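Notes follow once the structure below has been shown.
The values are calculated or read from the model by the stated rules, or taken from the named source; none is laboratory data. Everything numeric in this text was worked out from a predicted model, so none of it was measured. Quick reminder, even Gly has a Cβ in these numbers, built from the backbone with ideal geometry, and neighbours come from all protein chains shown.
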Amino acid sequence: MVGGVGSVVRSIFDAIIRPQRFVASQTSSYGVTRVEAIRKFGSIVGVYAVNLVAYAIPLTLAGFGVGSVARQPPAVFSRVVASAGVTPSAAWQLLTAFVQNSLFITIATVITLVTFHIGIVLVGKSRGILQSTHTVVYTTSAYLAGIFSGVWYLTTEPGVRGARDLVRNVQAEFVYLIIDALGAGVELPGGRPETIIPGNISTTGEWILALLAISLVYYLGSLYFGARVNHRAGRFSSAVAVIAVALSPIVYVAGSVIAVTI
């Protein structure tokens, strides 16, 4: 028990103070044999699953992603849940919210993994997909989860409207920059923001924005360290891998705009 607690404390310390050590994988043992590689991959997936549950359950229980209107659950689900003495509609709300909270960050993790590994392969520094998977799993489980949690908080809390408007305006302006560059006649539901920075941002909102900025720096920085340590890439090659990840939102938005236009 003490060892487990000590491991968690050490991981938290490394994630904050030594991110390069936090994302470091056991490169000497990866890929020795096919069986060993499969076992290592299963271990990494297990770590991600545990971290995903630890991220999504508190958000779900706090009401994030839970709709105000209860939807009718499937009949089979209702029978199974009712037999356990649980209200089917409430259980279905929590389940769908949990899936939603898990799905968003899982998609982001997959996109990060694909773009990060493509960047490493392009510069010819790849030491295997396991090293990339290890890097991305630890990076997204800690830092990207923090970004998502902060955005969820801004979305639902009434006392941080100024910060929420700022984040939404930045996102909208980012999308419109791509729309303008493509010359597409597409409009967002809320229209183009008149100003980026709103008039008033509460102290709480400022703290959340600061934490989002710090988490973003850690997120990109840990990917850089992962390329350096786990793939033994140089500074330039590691920067290319990070740039590949940073460009993924542009590619995604551009593809979405083109699809809508077509």
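Results, tabulated for the structure shown:
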{"read-out": "Set 15, 54: member being assigned to a helix (DSSP H, G or I), at pLDDT below 80, under 19 Å from residue 219 (Cα atoms) and of a type outside the set (Val, Ile, Thr)", "value": "15"}
{"read-out": "Residue check, residue 107 touching a helix residue (DSSP H, G or I) at 6+ places or on another chain (Cβ under 6 Å) and under 18 Å from residue 56 (Cβ atoms)", "value": "no"}
{"read-out": "All helices (runs of 4 or more DSSP H) inside the stretch 70-188 with 2 or more residues being crowded, with 18+ Cβ neighbours inside 10 Å and under 13 Å from the mean Cα position of the chain (by Cα)", "value": "88-122, 129-139, 145-156"}
{"read-out": "Answer residue from the stretch 238-262, given it is polar (S, T, N, Q) and touching a helix residue (DSSP H, G or I) at 6+ places or on another chain (Cβ under 7 Å) and is surrounded by the fewest Cβ atoms within 10 Å (Cβ to Cβ) among those", "value": "248"}
{"read-out": "Pairs where the first residue, in the stretch 37-51, is modelled with pLDDT under 85 and the second is not in a helix (DSSP H, G or I), C-beta under 9 Å, 6+ apart", "value": "37/30; 37/31; 37/128; 40/25; 40/26; 40/29; 40/30; 40/31"}
{"read-out": "Residues of the stretch 194-237 satisfying the condition of being touching a residue at least 40 places away in the same chain (Cβ under 8 Å), basic (Lys, Arg) and surrounded by fewer than 16 Cβ atoms within 10 Å (Cβ to Cβ)", "value": "232"}
{"read-out": "Hey, residue 205 over 27 Å from residue 158 (Cα atoms) and among the small types (Gly, Ala, Ser) or not", "value": "no"}
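Yes/no per residue for (1) closer than 25 Å to residue 242 by Cα; (2) of a type in the set (Asp, Glu); (3) in contact with a strand residue (DSSP E or B) (Cβ under 7 Å, 6 or more places away or on another chain):
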{"residue": "155", "(1), (2), (3)": "no, no, no"}
{"residue": "172", "(1), (2), (3)": "yes, no, no"}
{"residue": "187", "(1), (2), (3)": "no, yes, no"}
{"residue": "195", "(1), (2), (3)": "no, no, no"}
{"residue": "202", "(1), (2), (3)": "no, no, no"}
{"residue": "206", "(1), (2), (3)": "no, yes, no"}
